[in-house]
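A short worksheet on the structure shown next.
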Amino acid sequence: MRKPLIVANWKMYNTVSEASFLVEELIGKIGDISSVEVAIAPPFTALEAVSKILSETDLTLAAQNMYWERAGAFTGEISPVMLRDLTCRFVILGHSERRQFFGDGDGEVALKVEAALAEGLIPILCVGETLGEREYRKTFEVVERQIRGALDGGMPDSGGALIIAYEPIWAIGTGKTASPEAAQEVHCFIRRLLENLLGKGPGGEVRILYGGSVKPDNVRGLMEMQDIDGALVGGASLDAESFTRIVHFK
Ligand code: 13P
């Protein structure tokens, strides 16, 4: 059984005080949940404050990126050791905004995935095609290249040690969501690929999240699909009411 996982990716939003306020509000609204796992990915500067607030709850902490070295002369970077130190359980890697604006390619993502796994962080590996690639029917090819590339440095030793997030780029921040059936088609393809790469058992345990304009009114349809195990939520995670409704999708 794969427990549903809903992740809030706050991107570059919220100062420390705004983050603290939002997370307190979320905790109050979400209440006790045992059937869904919830993680919050604030910007680096708010990780410590959010970590302290989450420590008394079942919600977990995620980072939005990291560098692959454990320590060293790498000005401006954050290491997996530092993220573990702040109690992060997950780290988002290979997000399309990182790939698009900061030069993260499959090679860099592979080094990061390998380093995260070595440190006991669970990578949330993001993959997804552009609109042009979809129109040219390249979705499967792109997603396969991204996943094979990211796992080039090493495989997780169990299905639970890896999360994949399928985020079609044309659906991010646009209000256009993939239909549940269209998303499921890609999730199913990813599942078969993971079963090939990791073996049938572990491949069946990896949670595959959908991301791209997930909102309270479309989450349920997506979550009903067999291989959609959760959501990576951007815009709607910045509002406590919307995110709570997403978490309580059932
Ligand atoms: P939106 O939910 O704002 O489309 O963002 C999706 C995303 O990029 C999550 O990582």
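Observations, loosely collected:
- Residue match in region 176-197 (condition: closer than 17 Å to residue 9 by Cα and of a type outside the set (S, T, N, Q)): no
- Criterion (surrounded by 13 or more Cβ atoms within 10 Å (Cβ to Cβ) and of a type outside the set (Phe, Trp, Tyr)) met by exactly one of 58, 32: 58
Yes or no, residue by residue, for (1) more than 20 Å from the chain's Cα centre (by Cα); (2) in contact (Cβ under 8 Å) with a residue 12 or more places away in the chain; (3) closer than 20 Å to residue 7 by Cβ; (4) surrounded by 15 or more Cβ atoms within 10 Å (Cβ to Cβ):
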residue: 22; (1), (2), (3), (4): no, yes, yes, yes
residue: 50; (1), (2), (3), (4): no, yes, yes, yes
residue: 53; (1), (2), (3), (4): yes, yes, yes, yes
residue: 68; (1), (2), (3), (4): no, yes, no, yes
residue: 78; (1), (2), (3), (4): no, yes, yes, yes
residue: 84; (1), (2), (3), (4): no, yes, yes, yes
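- Selection count where residues are farther than 24 Å from residue 113 by Cα and in contact with a Leu (Cβ under 8 Å, 6 or more places away or on another chain), scope region 51-65: 1
- Scan of region 125-136 for residues that are part of a helix (DSSP H, G or I) and among the small types (Gly, Ala, Ser), ordered by number: 132
- Qualifying residue in region 169-178 (condition: under 18 Å from the mean Cα position of the chain (by Cα), away from the ligand (no atom under 15 Å from the Cβ) and touching a residue at least 40 places away in the same chain (Cβ under 8 Å)): no
- Test set (1) more than 16 Å from the ligand (Cβ to nearest atom); (2) within 23 Å of residue 138 (Cα to Cα); (3) among the polar types (S, T, N, Q) - residue 158 fails condition number: (2)
- Candidate set: region 179-231, residues that are more than 20 Å from residue 243 (Cα to Cα), of a type in the set (D, E, K, R) and within 17 Å of the chain's Cα centre (by Cα); chosen: the one surrounded by the most Cβ atoms within 10 Å (Cβ to Cβ): 227
- Region 122-157, residues that are under 16 Å from residue 99 (Cβ atoms), without any contact (Cβ under 8 Å) to a residue 24 or more places away in the chain and among the basic types (Lys, Arg): 138
- Taken over region 1-20, the criterion of being surrounded by 14 or more Cβ atoms within 10 Å (Cβ to Cβ), farther than 21 Å from residue 208 by Cα and not acidic (Asp, Glu) is satisfied by 13, 14, 16, 19, 20.
- Applying the condition of being polar (S, T, N, Q) and part of a loop (DSSP other than H, G, I, E, B) to region 66-111 and asking which residue is farthest from residue 166 (Cα to Cα) yields 75.
- Residue 114 meets the conditions (1) of a type in the set (D, E, K, R); (2) under 24 Å from residue 80 (Cβ atoms); (3) more than 17 Å from the chain's Cα centre (by Cα) in every case but one. The failed one is (3).
Where a number appears in this text, it was derived from the coordinates with a stated rule and is not lab data. Note that this is a predicted model, so its numbers are computed, not measured. Glycine also receives a Cβ, built like all others from the backbone with ideal geometry; neighbour counts cover every protein chain displayed.
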